[in-house]
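The values are calculated or read from the model by the stated rules, or taken from the named source; none is laboratory data. Keep in mind that what you see is a predicted model, and the values were worked out from it rather than measured. Cβ: placed from backbone, ideal geometry, glycine included. Neighbour counts: every protein chain shown.
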Amino acid sequence: MHKTVWMMVIVLAVSWALAGCSSTEGENRNAEAGTTAAGSNRSETLTVLTNRVDLIENGTMRQYAARFESEHPGTTVEFQGLSNYTSDIMVRLSTRNMGDVLLLPANLMAQDLPQYFEPLPNAMFDSIRFKDYKSYEGIRYGMATGAATIGIVYNKKAFEKAGIRELPTTLTAFYAACEKLKKAGITPVYINYGAQWPMKLWGEELLGFMTGDSSYLNKMADTDNPWQVDNAWGKSMNIVQTLINKGYTESGLIANQWEISKKKIASGEAAIYFNGNWVIKQVINAGAHPEDIGFFPFPYDDGPQRYAPLVPDWFIGVSKFSSKKQLAKEWVAFFVKQSGYVEDEGYLSVKENEKISALPQVEQFLSFSPTFVESEPPSDRFLQIAEKANISLWSGEYIQEWIASKDLRKTFEQYNERWRAARALVH
């Protein structure tokens, strides 16, 4: 287990600085200068796959691309947005329809990285956190596009209207706050069940820190019965089921309300997200006044100890099948070093040994003095078992099923049977 206690200061930043995009000195100079090996006399189209459909639609990605294109004459950057990236990208990989630059699937085994991704030069990773997270046999294939912690993002005006004068620091107090919000005619919590991917927050994400054990998920590979109603998995499912059963969540759960929910949190019609700090900027962009949005650690139990995660966001890499590998690496270098994406979207930087985020909401979060648990990469054995058990990790899909289950113990037993059979096939 790797735990780091980060109190009022965390060694993170809100700016990216990467050291170039090639292992040779000459190519490093090209990357630093913003020049391309493709040259200015060739016309090339660089295809970038992303989960940020919203940034394509609002023109932000186009602004990043325009700057890159101006520094790389003859280059056109085109974006393809995948709204359910975790599931959709696996289909793309199977057909090798991966574009030139893409986000690495969270559930892809490390041993499979060389089959789909081009190695990235070590020079790109100087003073970068999570540098070996997406590596295999010492070769790195992906760079984190940001870092985050997870907690309660809330609308202060909604809390004020509901008469909530103290932020809840226990689960009991959290439920009580939700009840006050409900009575005030405010949707207490948007879980975004219908969008599917946010359900991973109640699964792999919460389990990765609420126990204080960053290796909790990987240790599942050592047992035949990882899912129990009285262990961390059961406790997590009980929390979200309680929120639903008490009417503390959005109505019409089946519909994908992700974009709508940001506007409702921004306006105060709804009050709470359980999500990463990165969503703060999205709520502000949806119309909220920055001073009206707050952030505090999620009180997942009634105990005195409060853990919070320090996790990498998506990793970006270059397709092994790209015909423009050097140009693609230069886009990666540009995106993580010059584009301003981290600052624009409210992520914590992956740059080591620098100040914490300038976001006042993050400072508020730190004032609760949580113990941070730094994320551990999933082991290949854990991923292999999940694959053979046909469990799509980090997709939110199976969490949806569990939340809707009328008999969670029976549902867990069924999944334990699948896990047990899969374990027997993985050595």
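Things to note:
- Of S339, S357, all but one fail to be crowded, with 23+ Cβ neighbours inside 10 Å and of a type in the set (S, T, Y); the exception is S357.
- Scan of the range 93-112 for residues that are outside any strand (DSSP E or B), touching a residue at least 60 places away in the same chain (Cβ under 8 Å) and under 25 Å from E352 (Cα atoms), ordered by number: L104, A106, A110
- In a residue-by-residue description of the range 213-227, the property of being aliphatic (A, V, I, L, M), touching a strand residue (DSSP E or B) at 6+ places or on another chain (Cβ under 7 Å) and crowded, with 18+ Cβ neighbours inside 10 Å applies to no position.
- Boolean, Y347 is buried (at least 22 other Cβ atoms within 10 Å of the Cβ) and aromatic (F, W, Y): yes
- Scan of the range 198-216 for residues that are farther than 25 Å from S87 by Cβ and hydrophobic (A, V, I, L, M, F, W, C), ordered by number: M210
- Total residues in the range 152-170, condition in contact with a Lys or Arg (Cβ under 9 Å, 6 or more places away or on another chain) and among the aromatic types (F, W, Y): 1
- Enumerated strands (runs of 3 or more DSSP E) restricted to the range 289-382, each holding at least 1 residues that are within 30 Å of A221 (Cβ to Cβ) and in contact (Cβ under 8 Å) with a residue 60 or more places away in the chain: 307-312, 315-319, 371-374
- Subset of the range 264-283 (residues that are in a helix (DSSP H, G or I) and over 21 Å from E343 (Cα atoms)): K264, I265, S267
- You will find that of E401, E376, the residue that is surrounded by fewer than 17 Cβ atoms within 10 Å (Cβ to Cβ) and in contact with a helix residue (DSSP H, G or I) (Cβ under 8 Å, 6 or more places away or on another chain) is E401 and no other.
- Subset tally (residues that are at pLDDT 95 or above and surrounded by 19 or more Cβ atoms within 10 Å (Cβ to Cβ)) for the range 65-88: 6
- Only a single item in (1) crowded, with 22+ Cβ neighbours inside 10 Å; (2) β-branched (V, I, T); (3) over 30 Å from N97 (Cα atoms) is not met by I239, and it is number (1).
- Verdict on V153 being of a type in the set (V, I, T), surrounded by 15 or more Cβ atoms within 10 Å (Cβ to Cβ) and not in a loop (DSSP other than H, G, I, E, B): yes
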